[in-house]
1. Just to be sure I understand: if I project the alpha-carbon convex hull of segment 61-322 onto a plane and average over all orientations, what area do I get in nm²?
2. Could you order peptides 217-228, 124-135, 360-371, 309-320 by the average number of other Cβ atoms within 10 Å of their residues, highest first?
3. In what sequence, highest mean first, do 193-202, 236-245, 174-183 appear when ranked by Cβ atoms within 10 angstrom?
4. If packing is taken as the average count of other Cβ atoms within 10 Å, what order do 465-478, 86-99 fall into, highest mean first?
Amino acid sequence: MARTVAEGAVACADGHHDAGTGRQDRSGRPFEQLSAVADAVLYEGYLLYPYRRSSPKNRVRWQFGVLFPRDWAQRHGPVEPGVSGSADSWYQQTECLLRVRRPGAVVRVRVRHLQLQHKQVEETGPDGRHRPVAALRLDDGTPHLTFDEAVPREEEFTLLLDDLLRREFTFPVHGPAGEHTEVLPGGAGRVVRRCFEVHARTAVGAERLTDDAFRLRVRTENTGPAPDPDATRDEALRSALIATHTLVGVEGAEFVSLLDPPTELREHARACRNAFTWPVLGGDPPPATGDGEAPGTGSARPPGAHLLLSSPIILPDHPQVAPESPGDLHDAAEIDEILTLRTLLLTDEEKREARATDRRAARILDRVDTMPPEVFARLHGAIRSLSPAGPPAGDSPARRPVWWQEGADEGLAPTTDAVPVGGVPVRGGSRVRLRPRARGTDAQDMFLSGRTARVAAVLHDVDGSVHVAVTLDDDPAAELNGWYGRFHHFRPEELEPLGPATDGQDGPDGRDGPDGRERTP
């Protein structure tokens, strides 16, 4: 995910600096834990590597959480509700569950979005008048480019849950119009930034489900006047809310996970209607249990789920940005390392263009160019999923990463489940020969045809298909890959059984028999 923080905001057209998470939080900073993740959502798709106007991939922007005026969206629709905001719409609806722990529960709602800002470069002519140009290079070689930027906006509302049970409350969401002019050195020209007015409203309501369980609804709609029906999407974006998402905080109550609801609330969770958004629990994840069981499975989450992020991007509960990413970098995830390497390989001319494209791109380049070696080394990665229960008997003293939590899915046990292949049950520990299909197979799998492998797990996906995870016998990193849960996956019909599971009784070269020969059925 692309990410920015408070200093990533730009001066909007009316001269006001709306600094996103850097602004003073009027409600005691309840959303501070979510600020980095929320900013990653806010700037998803804002600029894509390599951050230059001339890059083709940067010519299709603003792909998530875009709310257009209703008439325009429906004319260019149809608008089909989905669980994420990768489709254009005119509204966004969040429904979530919460449990009240004490009377007088308070609900805080913050709606955040980007407002389009057009940056127009104008050249000063011989007559002193200014004319718009696509690009202007100053005498010192500094380029300035015409480009679309964005301004972060947010509105916050605080309500009592008891009041929401009586009636729905509606609040305006507004992005003001304005213009700001920056005069370029030497009288060569100027840069004019213009924001176009955006109008929307957010409605908040609630209903009681049980004695202590409630459904909360937050719905944001673009209420602005429709642009010309024949306007292009780029033109219509001037009156749209972009990267729209919602933060919700509660006091005296706790949110219930819709991804893993407690048994008694599963039907209510299924009845929640989320359109163009995906609500997940925010804040730090609960501590892992000592028995290796996934926390929250089949029961209420531990106390502390007081934050919720409703995002146009599908996320897990308790999303976190990578702590190794230094400040506002590329993606706030493991991909930061390779993007940093690619940024370092940009030519001087490409870097000049990137700096002229957008202020945020310029700041990212500055961070990369001045990054100390020890910070860059930290981007290489980290092991996070260590088993709290410690290693099994006979294993390395180091803790094993957990790639599968036994019992996480009722009735499924990948390491012990079996699937029949040619009349032979194949399960964890079985040895097979790989026979990828001639057609409809990934090219990489074709290179593995005829190789032998050991089965690590039998996996079932949501549509009932079966996949067999294997490690290659002649892969020197097979043990390490198995340790991390990195496998090759094949369908049962792409395998040829070589023998039953050996439970580790291998020959000296990893084959089945003590003499090193393969056993065949």
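1. Working: hull surface 72.3 nm².
Taking the Cα atoms of segment 61-322, their convex hull projects to 18.1 nm² on average.
2. Working: 217-228: 19.7, 124-135: 10.7, 360-371: 17.4, 309-320: 21.8.
Put in order of decreasing packing, that is 309-320, 217-228, 360-371, 124-135.
3. On the way: 193-202: 20.3, 236-245: 25.9, 174-183: 15.6.
Per-residue mean Cβ counts within 10 Å order the peptides as 236-245, 193-202, 174-183.
4. Numbers: 465-478: 16.9, 86-99: 22.6.
Result, highest mean Cβ count within 10 Å first: 86-99, 465-478.
All of the numbers you see were taken from the coordinates with simple rules; none came from a lab. Everything numeric in this text was worked out from a predicted model, so none of it was measured. In this analysis, Cβ positions are derived from the backbone assuming ideal geometry, glycine residues included, and neighbour counts consider all displayed protein chains.
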